[in-house]
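A short worksheet on the structure shown next.
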Amino acid sequence: NAGVTQTPKFRVLKTGQSMTLLCAQDMNHEYMYWYRQDPGMGLRLIHYSVGEGTTAKGEVPDGYNVSRLKKQNFLLGLESAAPSQTSVYFCASTPGQFTEAFFGQGTRLTVV
Amino acid sequence: DQQVKQNSPSLSVQEGRISILNCDYTNSMFDYFLWYKKYPAEGPTFLISISSIKDKNEDGRFTVFLNKSAKHLSLHIVPSQPGDSAVYFCAATINNNDMRFGAGTRLTVKP
């Protein structure tokens, strides 16, 4: 049972480049989330989804887009990467809205 | 606007002793609180939670205490073990809408 899997684990981007982070969960959870973690700060919610085909903004949504075309997948896109988006990104899923979360192992993104 | 604060970035304790991790919050509307544990290069994992209608919840070596009047919660680990060395995050939610995390406390348990 893999739980929540994120792809890739590491990535270096140049300013202005685009990329997509993939999150997949095999627990049949309705709710999925993307967080970023920065030094000295807690995890901050970027976007979340309450079911297939839905997305909603979190605390820090600017510069990111998301899609939930399939229940098991939640994609996070950066259209034009900026150095301020250098961070560790975590995907999570929950059986209920904002209940105990299952997290992926994280993606360390560096934008130079 | 950091609504959930963990003011101690790090804590070091001896194996077998008690570890006490603290968390303060500013929004009195938070009604559910959680603690997560995170090892390096891994995602956080859920540890224990408490509803605002309770003041204590216990699970094995882990106990969470909630003091609503002080807007404070704490996680007690007794006895502490070297495998408990990790970063601990507290989190809070209001009626299952949004979840706010503290910045984390790095616990080191020395053998």
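How much of the accessible area of the protein assembly as shown, in percent, comes from carbon and sulfur atoms when a 1.4 Å probe is used?
On the way: 5320 of 10520 Å².
Here carbon and sulfur together make up 51 percent of the probe-accessible area.
Pairs of alpha-carbon atoms within less than 8 angstrom and 6+ residues apart define the contacts here; what relative contact order does chain B have, in percent? Working shown, then result.
Values: 275 pairs, mean separation 41.6, N = 111.
Once divided by the residue count of chain B, the mean separation gives 37 percent.
Per the Cauchy relation, a quarter of the hull surface: what is the mean projected area of the convex hull of the alpha carbons in region B:48-111, in nm²?
On the way: hull surface 19.7 nm².
Mean projected area of the Cα convex hull: 4.9 nm².
May I ask you to rank B:53, B:20 by accessible area, largest first, using a 1.4 Å probe over the protein chains only? Could you put the intermediate results ahead of the total?
Working: B:53 145, B:20 70 Å².
Solvent-accessible surface, decreasing: B:53, B:20.
Take A:41, B:29 and sort them by solvent-accessible surface of the protein heavy atoms, 1.4 Å probe, largest at the top. Walk me through the numbers before you get to the answer.
Numbers: A:41 70, B:29 120 Å².
Accessible-area ranking of A:41, B:29, largest first: B:29, A:41.
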If the elastic network links every pair of Cα atoms under 10 Å, which of A:102, A:74, A:90 fluctuates the most in the Gaussian network model of chain A?
A:102
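Please arrange B:39, A:89, A:31 by accessible surface area, largest first, computed with a 1.4 Å probe and ligands excluded. List each step's numbers first, then the result.
Details: B:39 75, A:89 0, A:31 50 Å².
My answer, sorted largest first, is B:39, A:31, A:89.
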Accessible surface, region B:15-111, averaged per residue in Å² (probe 1.4 Å)
46
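Beta carbons within 10 angstrom, averaged per residue: use that to sort the peptides B:97-105, B:58-66, B:81-89, highest first. Each step should come with its number before you reach the end.
Details: B:97-105: 21.3, B:58-66: 15.6, B:81-89: 17.3.
Top to bottom by mean Cβ count within 10 Å: B:97-105, B:81-89, B:58-66.
In peptide B:95-106, how many Cβ atoms from other protein chains are near each Cβ within 10 Å, on average?
Working: counts 2, 6, 2, 6, 14, 5, 7, 3, 7, 6, 0, 0.
Whole-number average of other-chain Cβ neighbours for B:95-106 is 5.
Give the A-B buried accessible area in Å², both sides summed, 1.4 Å probe, nearest 100.
Numbers: alone 5900 and 6120 Å², together 10520 Å².
Chain pair A/B: roughly 1500 Å² of buried accessible area.
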Using the Cα atoms of the protein assembly as shown, I'd like the radius of gyration and the largest Cα-Cα distance, Dmax, both in angstrom.
17.5, 51
GNM on chain A, Cα springs under 10 Å; top mean-square fluctuation among A:82, A:24, A:92 goes to A:82
Let me spell out the model: positive unit charges on the Cβ of Lys and Arg, negative unit charges on the Cβ of Asp and Glu, origin at the Cα centre of chain B. What dipole size does that give, in debye rounded to 20?
200
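Before anything else, pin down the relative contact order of chain A: Cα pairs under 8 Å, at least 6 apart, normalised by residue count, whole percent. Mind dumping the intermediate values first?
Values: 297 pairs, mean separation 40.1, N = 112.
That works out to 36 percent.
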Using a 1.4 Å probe on the protein heavy atoms only, what accessible surface does residue B:5 show? Give it in Å² to the nearest 10.
90
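With a 1.4 Å probe and all protein chains left in place, how much accessible area per residue does region A:1-82 have, in Å²? Mind showing how you got there, number by number?
Values: 4160 Å² over 82 residues.
Computed with neighbouring chains in place, this is 51 Å² per residue.
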Give me the residues in region B:40-73 whose solvent-accessible area, probe 1.4 Å, is reduced by at least 30 Å² once all protein chains are included instead of the chain isolated.
B:43, B:44, B:46
Separation of alpha-carbon centers, region B:66-110 and region A:72-97, rounded to whole Å:
23
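The values are calculated or read from the model by the stated rules, or taken from the named source; none is laboratory data. Just so it is clear, the model here is predicted, and its values are computed rather than measured. Note that each Cβ is placed from the backbone with ideal geometry, even for glycine, and that neighbours are counted across all protein chains shown. Heads up: the accessible areas ignore ligands, DNA and RNA and are worked out on the full protein's heavy atoms, side chains in. Shrake-Rupley method; radii C 1.70, N 1.55, O 1.52, S 1.80 Å.
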